[in-house]
Structure formats: C-alpha cells, structure tokens
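The values are calculated or read from the model by the stated rules, or taken from the named source; none is laboratory data. Note that the coordinates shown come from a computational prediction; the quantities given were computed from them, not determined experimentally. Note that we place each Cβ from the backbone using ideal geometry, even for glycine, and neighbour counts take in every protein chain shown.
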Protein chains: 2
Amino acid sequence: MEKLGKFEAIFYPKSLAVIGASADITKFGTHTLNTLIKFGFKGRIYPVNPHAGEILGLKSYADLKDIPGCVDLALIAVPAPAVPRVLEDCAARSIGVAVINTSGFSETGEEECVKLEREIAKISKEKGIRVIGPNCFGVYCPASGLTLPPGEYYSRESGNVAFLSQSGGYADRFCRDAKGWGIRFSKVVSYGNACDLNETDFLEYLAEDQETKIIGMYIEGVKSGQRFLQTVKEINQKKPVIIWKVGLDEGGRRAIASHTGALGSRKEIWEAFFKQTGAVRVNSLEELIDTVLIFQHLRVPCGRRIAIIGTGGGSGVDSADACERAGLSVPVLSTKTVEQLRMLLPPVGASAQNPIDLGNPWTSPSDYKKIIETASLDPQIDALVTVVWQLPFFYSRRELFWSFFQKLVEAPAAVGKYLRKPLIMVLCATPTEAEMLEAENEWRKIKDRYVAAGIPLYPTIERAVKATVNFIAYQEYEKRTKARALLHCPPRWSI
Amino acid sequence: MEKLGKFEAIFYPKSLAVIGASADITKFGTHTLNTLIKFGFKGRIYPVNPHAGEILGLKSYADLKDIPGCVDLALIAVPAPAVPRVLEDCAARSIGVAVINTSGFSETGEEECVKLEREIAKISKEKGIRVIGPNCFGVYCPASGLTLPPGEYYSRESGNVAFLSQSGGYADRFCRDAKGWGIRFSKVVSYGNACDLNETDFLEYLAEDQETKIIGMYIEGVKSGQRFLQTVKEINQKKPVIIWKVGLDEGGRRAIASHTGALGSRKEIWEAFFKQTGAVRVNSLEELIDTVLIFQHLRVPCGRRIAIIGTGGGSGVDSADACERAGLSVPVLSTKTVEQLRMLLPPVGASAQNPIDLGNPWTSPSDYKKIIETASLDPQIDALVTVVWQLPFFYSRRELFWSFFQKLVEAPAAVGKYLRKPLIMVLCATPTEAEMLEAENEWRKIKDRYVAAGIPLYPTIERAVKATVNFIAYQEYEKRTKARALLHCPPRWSI
C-alpha cells in the first residue's frame, strides 16, 4: 500500500495505532481509543500495549512491528520518558506522522523535560517522522471519523470551519460549544508545544484546503513570527482568519509558559500584527464562537449603519447603546420609511424611528415581517438587528401566549432569508432557575430554527454587536486592501 | 381607618383598586389583576369597571365610590384620555397614591399627549394625590405580595436589594432574571415618565429603608440633576448604588425620548457624575445582575490582586488575560505558597504559579480544598477566582466521572464559606444543544448550591471579572472618601 502524504495521513488516515491504551479507562490512551470507537473512526484501529490481549473489544498488539499492513498515523500516550523510543519505533515502522498527547516536556520549564522535547524534535527530523505535539489532544476531522480524545459527542457532520489550537482544552471546548450553534468543522488540530509541525504549517495547508472557508485560532505563542505574519496576511485575503491571542499581560504570559511552553510576546507586536494582517481579533471563547457564527451565516456585504427593531420593553434603548458603544451607528430613517412604518405600528407606546419599537410583544407576525422588510429597504441602513424577549413563559395562560409567540418569533427567520441586507436576531437568554428549564428548552428549539435558516442568533445584544463589528471590520479591511491594490499604494502599517 | 403614609401606601397597601380591569385577559388592567391574585397580594383587591359584575372571581365595582372602606392604592390602566378624570375620582375617594400604567403621554412627543401628562401632574399637586408613572409597570414588594403586572413568577421571598427602573420591561426582566441567581428584593419600582414621584424621591426613601442594603437603578434621564447627584452621593456612602445609565449616544437618546420622554444628557456630565458620587456603573442587564450578585454575597474587603485556580485545560491563561485586561493583577505567589502548592499538585501538567493549574479535571476534592486554602493565605493575594469546566457530561461512562465531579465542584463551596478572603466561582456555561439540556439542568443545580452557600458564581470568567472589578472599585472609592474625610481634604472632582 502506498504511503499517504503528510496531511492526508493526519486528517484522513486509513489506519492508526493507539500506543499507550490499556485496560484502565482513566488513562489518556484508553480514553482516546474509547472515544475513537464511539465516534466511529472509519479506518482500522490498532491498540498497542505490551500486556493486554484485547482492549475495548479490539485486538491489541504488544509491539508496533506485529501490526499487519500499513499504519498511517500513530497516537502516542505513553509516559514522557518513553516517548522518544516509541517515536523511533514508529519511524522504523514507516509511520509518517505521530500525534504525541503526552505532556511533561518544555511546558514544565524543567531542564530534563526541555531536553526530552529536543530529543523528539531531533528524531522527527532525522527519521523523517512528522510530529503533532507533544502535550496536545490531536485531530478532529468528522469526514474521516477522527476525533480528539474527549470528542465523543462532537458533530459527525462536516462543515467549512477549521480551528487550530495550542490548547487541547480549548480545542475541546470550542468543538463542543460550537456544535449547538450549528458551527460545523472541516478540521480541528490541537497542536500543543509544536515541536515539529506548527501553526503556520497547518495554516498553509488550510489555505489550499477546499473544505475550509473560515479559520479560527487559539494562540499562546508562535514559532516563527515573520513567517506566521506573512501566511496569515495572505490567507486572510481569501479566508477570514479569526484569532484569539492570549497571554499579552504578565499573569497570562506566566500561565502560557507553564501551559505549552510558548513564549508570549509583547502587546505592541500583536497590535501591529492584527493591523497588518487584517486578521479578526477576538478575546474569549464566547467571542470566538459568536464571530465564527456570523462569518458562517452572512454572505452579503455589510456596513456600520444599523436598524434596530425591538419588541417593546425598552430593548431598543440599550440595543442602540450597545451598537454605538461598539462603533456602529443607529441612524435616523428616511421620512418615507418612517411614514410606512407608522402605518404598521400601534399609535401608542411604539416608535417608528430608529430604534424601531414595536411597542408591545403582541405585534402581529405579518406586521413584524413587513416592518423588517420596510426597514431593510431604507438606503440609510446596512444591516438589521431585531431583539425579542421570550416573555410568554412568565405569564399566566402560557399556552395562549406561547402559540402566538411561536408565530411571532418565526417572522424574522422567514423574512431574513430573502432580505438583501444582513439580519441578526437577538433572542434574549432565559432565566437560570431550575424550574425554568422548559423555557430554556424552548429557547434552544428556536435557536435551532435560526441555525437552520442560516440567520445568526445571539442571547444578548452585546454578543450580537461584538460579532457584527468583527464581521464588518473584516470587510472594511478587505475593501481597503483591494482599493490599495488598485492604486498600487504601499500598505499603511509596518511592524 | 387611618390613612397610610405615602410610601407605606405604595409598598404595603392594605387595599387597592384596579381601575380598568375587564373580562378581556389581553387588557393590561386585567393582566395586572390576574397577576396580583396569582402572586398572592395580602390585602383586599377591588376591580373597578363600569360593565362587569365579577372579574376573575372578584366582585367588581362600577364606581370607586361604591367600594366599601378604605382604599390605599389605585392602579390605573384606562386609556390615556380617561386618566385625568379617574385620577380626580381617586383623589375624591381619598386615595393617597395612584400607579398609572397607561402609556400615551409625554413619551409620544405629541403635543396633546404632553398636555395630558401636565394635566395629571397638576391634579396630583392640587388634589394631593401622589402619582407613580404614567407609562410604567408599578411596584413589586414581596413582603406585601404586591407585584408588577407580569410578575406572577417572581420570588415570594424578600431580600435586601431595591431596584428603581424607568423602564417597565427592564424592571420585569431584572426581577425575573435575578431570581435564578438568588437575588431577593425589598422593593422594586418601575416609575416610567415620573410626572410626580421620581427616582430621587424613591432613593430618599430607600436610604432610610431598613430592609434595603443594595440599590440598583435603570435610568434613562433624571428630573433634577443636582438633587439626584447629591442624593446618590450621600446614599452611596452607606449603601452601594449600582446604576445602569442608558442613552448616552445619539440613537440611544432618540430611543429614550420615545420610550419614557426623558431627556438624555451629555456623556461627559454622566462621566463626572459617576466619578463624583462613586456610584457603581454598569452597562447591561447582565452586568447589573452580576454586580448586584457580588455585592449581595461578599462582605469582606477585597483588593485587586487575584489568585486564579483552574482545573486544567488552559483556563488559567484566559482567566489571567481577562483579569489583567480589566485592571486586576495576577501576582507571583510567595515562595512558601508555591512550595506548599507543589506538594498538593501532580508533578506533570500542573502549575503551582499563579494562575494555579490543577493540571487535570480529576484532582482530588480534598486536595482542591487545600489548594484554595493555601492560596488564600498568601499575603500577595486579595481574592480568589476558581474556574471549573463541567466536563464529565461529555465523556463516556458519564456516571463514573459525574459522581466524582459533583464532589470536586463541592470543594470551593465548602471551603469558600470560612476563607478570610473572597472566593469567586466560575462554572463554565454548558453547550446550547437541545440534547444537552440535562447538562444545563445539572449546571443550574450546582449554581443553586453556590447561591445557598453565599458564594458568587458566574458562567464565564469575563462576567466574574467585570463584577469583581465593580465590587473592588466601590470599596476603593469608599476608602478614598473616608481617608479624605479624615484629612478634611476637598474632593478631587467637581462637575
């Protein structure tokens, strides 16, 4: 059988060895094996362990040499001191790539551990076996059924989002949390200490990967700053690169050093990096999810002039505040739009000016649709945000109000699909009482409806606004870059 | 029967009239009546309606005059043009206070509506009947069983938090959302257009109210700036005043004008206001809840030096980032603390430096407790934040891990009660998939456990940090004010 290319072996291995799996379920290797079986890896899996004859129903091999046929990928979860020998065995067995989950290397800061990592890097180079890790979770690729160790419940559907993460924990949390928001992945890599393959290597692959349209990253530190900058700058012209860079202050840098051993760098350098590459900057897992979500759904161009449509209750006031605080504008609508809106709104308690206030939560769904359409046609407006509170759950005669509410909340989903301008939905989060779990359940169902309709939905106006600003800033950068290219102007920033 | 004092009639009426209740459940007055009955108002309720003999099981009166005995409070929900005559009837019937729910007054910006509001104010002044509103939801006071129209599900328990809100919608949402966080109220007032009783009148009452220890406010605009500033400044020395001021930009101001008719004012004036009064400034409903929560739970003084304890997974890195971005510090621990922590931590994958990384989520609960205690004794540290991910739900053999996790997550709650320094818990939010509702349910149970233990818990590190910074800033202001008073120094700021 022919040996697969490096990245093909990483993402689409036909066979893999799990080295360090045992009968003990609390061990990392066993956990990995169990997860792969449960998730449904499509190739052959060979557990390797000197003692066990069978692990989790699979025949186990005492030695790599005993495995019949080709092995494309090795997952290594043996204690750190044993890793170099295992890696050499893998190379001898002609395995092209190894994922080293084991930690206890340069991230500890201890001399012997740092040396051990250098030894791995040396073996990798000399024996021609490529390494992901050490101190990482590995790869999730739904198309091949490959998943990170905790990823039994990740989506089995493929999508167009790739994620590169130095942290295994955050790779895991992003995959898990993004699932409910309808974000689907092409490839996810947790690469840890990056002693061989690093963030830029993966980026270069993803740039050409047909399945990937959006790239997210969690970065503690990078291996080669200049190469990374150039790569991000180029890719970002074609595919948005959304980066969560952590550890720019003292405590964060200290945490990084002991987490993946990376060297955090100065704040100013990263400020310049973001300006120069146009990469989208986010500051938390939540913002990462929210931003990927809006990039996944919105295709049309979008400017900063927002129309807000609130279903009463003063939600227009703080929505306008949130927009304006974030650098968006909430402009006055044209006289024509205001006149048209007045015809659709109740005479008292409502407002036809921007923010548009429907006055009460019992607006007719068909009027709600018309109001959204009318506002979207105003030439002063680039995008629309509509804010809905899930009120009826907190009323007597819930059934009466609830059936009405379900029709109401369907209106933006129905109309949003054919508007010429982006529509963003805010369905306010439900209370956290244990007794209100059913309201949360209904919230989730409506959220799923919006996911299916391809309309970004957020639980707070602040989250909607942050994501929208990130989306717009990317488009503004693109526009500037294109204009500059046309004029043959030099870039405005340099490091 | 003796006539009650103004505020006694507002918060503890022995009898009230609901004017405008009818057989139609979708009408505001009927909704109010229904809510009061369901919530369990402790006094007598008299529906007033010219047509109906009985409404929701209560005898209805065609005229206020027909009601036997004393009426302390009137709730008015008749159409705007009818309000002046009804208010005169109330005054004639010796009712001391009226809540006017009806909208359609100065908030519309239309001349005749503004005139109508002036007429109400005039009647109030001339006939000696005090008015809350118009365009408001009214009063929630669990001790007397009084509640806002949508407040059937509010807590029946009393607490020490008061809330004053120009917006009825936000009064409602705050009461609803705060309930699940264990926030309990003394008094809540939605006062709308404030044509008679305004924010400062209520503040003066709350300053002396024994049941109120913390005051929250949602403000669109104030009636008398100087009097408001002086009152907040004085009260804030004794009871924290937490203010969400909206509408500081163009769109927000426009929204306010059509919402409660208030005049928003210049940003700079409000900046100066917050500096001079030391009132705690928040920017969203979420931040308001989070901030009230921390004030409700933390009694001990607190400084800006934070120890972070993460249960693995790189959560220390972004927690340190979030702290440092917000102006908190994550200092190096003393050598002694680090040595003691090393004894309690696994040798690999963990960190005894701040942020402290437990290395994996399967730390023994008793070690976790000792680690928290040890960190809290470090003289470099003022407060502790511990971050836990609800991981086991996403693992095979969930039961095995879950029973362990429940013991683990109990550790901070058990130890937090007797620490000399504040402990803040972050239990990361669960994914939003419909199938993961059970994880959300478990999250809520743990959250309730922390509410009961009096330890503030947040679903993200960002929310925890914002609340902590608000709490610390208030204490710093207090300290400065006291130091200044001792030195007889003039204040540093003036408007």
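If you filter the range A:177-191 down to residues that are touching a Gly at 6+ places or on another chain (Cβ under 8 Å) and buried (at least 22 other Cβ atoms within 10 Å of the Cβ), you find that the one that is farthest from the other protein chains (Cβ to nearest Cβ) is A:S186. In summary, A:Q226 fulfils each of the numbered conditions (1) assigned to a helix (DSSP H, G or I); (2) buried (at least 22 other Cβ atoms within 10 Å of the Cβ) with the single exception of condition (2).
Could you tell me which residue of the range B:449-458 is farthest from the other protein chains (Cβ to nearest Cβ), considering only residues that are part of a helix (DSSP H, G or I) and under 13 Å from B:P412 (Cβ atoms)? Among those that are part of a helix (DSSP H, G or I) and under 13 Å from B:P412 (Cβ atoms), it is B:A453. Scanning the range A:298-317 for residues that are at pLDDT below 90 and facing another protein chain (nearest Cβ under 8 Å) yields a count of 6.
So that you can scan it fast, the table gives a plain yes or no per residue for (1) assigned to a loop (DSSP other than H, G, I, E, B); (2) among the aromatic types (F, W, Y); (3) within 30 Å of B:Y450 (Cβ to Cβ); (4) within 14 Å of chain B (Cβ to nearest Cβ):
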| position | (1), (2), (3), (4) |
| --- | --- |
| A:A414 | no, no, no, no |
| A:K421 | yes, no, no, no |
| A:A429 | yes, no, yes, yes |
| A:A439 | no, no, yes, yes |
| A:K447 | no, no, yes, yes |
| A:V465 | no, no, yes, yes |
| A:F471 | no, yes, no, no |
| A:E476 | no, no, no, no |
| A:T481 | no, no, no, no |
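The C-beta contact set for the range A:241-254 (first residue at the interface with chain B (Cβ under 8 Å from one of its Cβ atoms) and assigned to a helix (DSSP H, G or I), second residue surrounded by 22 or more Cβ atoms within 10 Å (Cβ to Cβ) and not hydrophobic (A, V, I, L, M, F, W, C), distance under 6 angstrom, 6+ apart or interchain) comprises A:G252/B:D321.
When restricted to residues that are modelled with pLDDT under 95, part of a loop (DSSP other than H, G, I, E, B) and not aliphatic (A, V, I, L, M), the range A:332-351 contains 3.
The set of residues in the range A:138-151 that are outside any strand (DSSP E or B) and either over 16 Å from the mean Cα position of the chain (by Cα) or modelled with pLDDT of 95 or more (or both) comprises A:P142, A:A143, A:S144, A:G145, A:T147, A:P149, A:P150. For first residues located in the range A:281-297 and at the interface with chain B (Cβ under 9 Å from one of its Cβ atoms) and surrounded by 19 or more Cβ atoms within 10 Å (Cβ to Cβ), partners that are part of a helix (DSSP H, G or I) and of a type outside the set (K, R) and lie 6+ apart or on another chain with Cβ distances below 7 Å form the pairs A:L285/A:Y170; A:L285/A:F174; A:L285/A:D177. Taking the criterion of being among the small types (G, A, S), in contact with a helix residue (DSSP H, G or I) (Cβ under 7 Å, 6 or more places away or on another chain) and modelled with pLDDT under 80, the residues of the range A:239-278 that qualify are A:G251, A:G252, A:A255, A:S258, A:G261, A:A262, A:G264.
Need the failing condition index for A:A143 against (1) touching a helix residue (DSSP H, G or I) at 6+ places or on another chain (Cβ under 6 Å); (2) touching a residue at least 60 places away in the same chain (Cβ under 8 Å), just the number. All conditions are met except number (1). Tell me which residues, restricted to the range A:106-130, are of a type in the set (V, I, T) and more than 13 Å from every other protein chain (Cβ to nearest Cβ). Listed by number, the residues that qualify are A:V114, A:I120, A:I123, A:I129. Kindly evaluate B:I120 against the criterion of being part of a helix (DSSP H, G or I), on the phi < 0 side of the Ramachandran plot, touching a strand residue (DSSP E or B) at 6+ places or on another chain (Cβ under 9 Å) and modelled with pLDDT of 95 or more. The answer is yes for B:I120. The number of residues in the range A:22-32 that are small (G, A, S) and either away from chain B (no Cβ under 14 Å) or assigned to a helix (DSSP H, G or I) (or both) comes to 2.
Evaluation of B:L423 against the conditions (1) among the aliphatic types (A, V, I, L, M); (2) in contact with a strand residue (DSSP E or B) (Cβ under 8 Å, 6 or more places away or on another chain); (3) surrounded by fewer than 21 Cβ atoms within 10 Å (Cβ to Cβ) shows that the sole unmet condition is (3). Under the condition of being of a type outside the set (V, I, T) and part of a strand (DSSP E or B), which residue from the range B:356-384 is nearest to B:V426 (Cα to Cα)? Among residues in the range B:356-384 that are of a type outside the set (V, I, T) and part of a strand (DSSP E or B), the one nearest to B:V426 (Cα to Cα) is B:L384. Could you go through the range B:2-20 and let me know if any residue there is without any contact (Cβ under 8 Å) to a residue 40 or more places away in the chain and in contact with a helix residue (DSSP H, G or I) (Cβ under 8 Å, 6 or more places away or on another chain). No, the conditions are met nowhere in the range B:2-20. Is at least one residue of the range A:450-470 out of contact with any helix residue (DSSP H, G or I) (no Cβ under 8 Å at 6 or more places or on another chain) and of a type in the set (D, E)? No - not one qualifying residue is present in the range A:450-470.
Restricting the search to the range A:86-117, which residues are in a loop (DSSP other than H, G, I, E, B) and either touching a strand residue (DSSP E or B) at 6+ places or on another chain (Cβ under 6 Å) or buried (at least 16 other Cβ atoms within 10 Å of the Cβ) (or both)? Those that are in a loop (DSSP other than H, G, I, E, B) and either touching a strand residue (DSSP E or B) at 6+ places or on another chain (Cβ under 6 Å) or buried (at least 16 other Cβ atoms within 10 Å of the Cβ) (or both): A:R93, A:I95, A:G96, A:N101, A:T102, A:S103, A:G104, A:F105. Within the option set A:S155, A:S186, being under 15 Å from the mean Cα position of the chain (by Cα) and not in a loop (DSSP other than H, G, I, E, B) holds for one residue only, A:S186.
Condition check ((1) in contact with a Lys or Arg (Cβ under 6 Å, 6 or more places away or on another chain); (2) over 21 Å from A:E126 (Cα atoms); (3) within 14 Å of another protein chain (Cβ to nearest Cβ)) across all residues:
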| site | (1), (2), (3) |
| --- | --- |
| A:G5 | no, no, no |
| A:Y12 | no, yes, no |
| A:G40 | no, yes, yes |
| A:L64 | yes, no, no |
| A:L73 | no, no, no |
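If the condition is being under 25 Å from B:Q353 (Cβ atoms) and either without any contact (Cβ under 8 Å) to a residue 24 or more places away in the chain or within 14 Å of another protein chain (Cβ to nearest Cβ) (or both), then the range B:384-412 contributes B:L384, B:V385, B:V387, B:V388, B:W389, B:L391. Checked against the criterion of being surrounded by fewer than 22 Cβ atoms within 10 Å (Cβ to Cβ) and more than 36 Å from the chain's Cα centre (by Cα), the candidates A:S396, A:S366, A:S351, A:S403 yield just one match: A:S396. Applying the set (1) away from chain A (no Cβ under 12 Å); (2) touching an Asp or Glu at 6+ places or on another chain (Cβ under 9 Å) to B:G349 leaves exactly one unmet item: (1).
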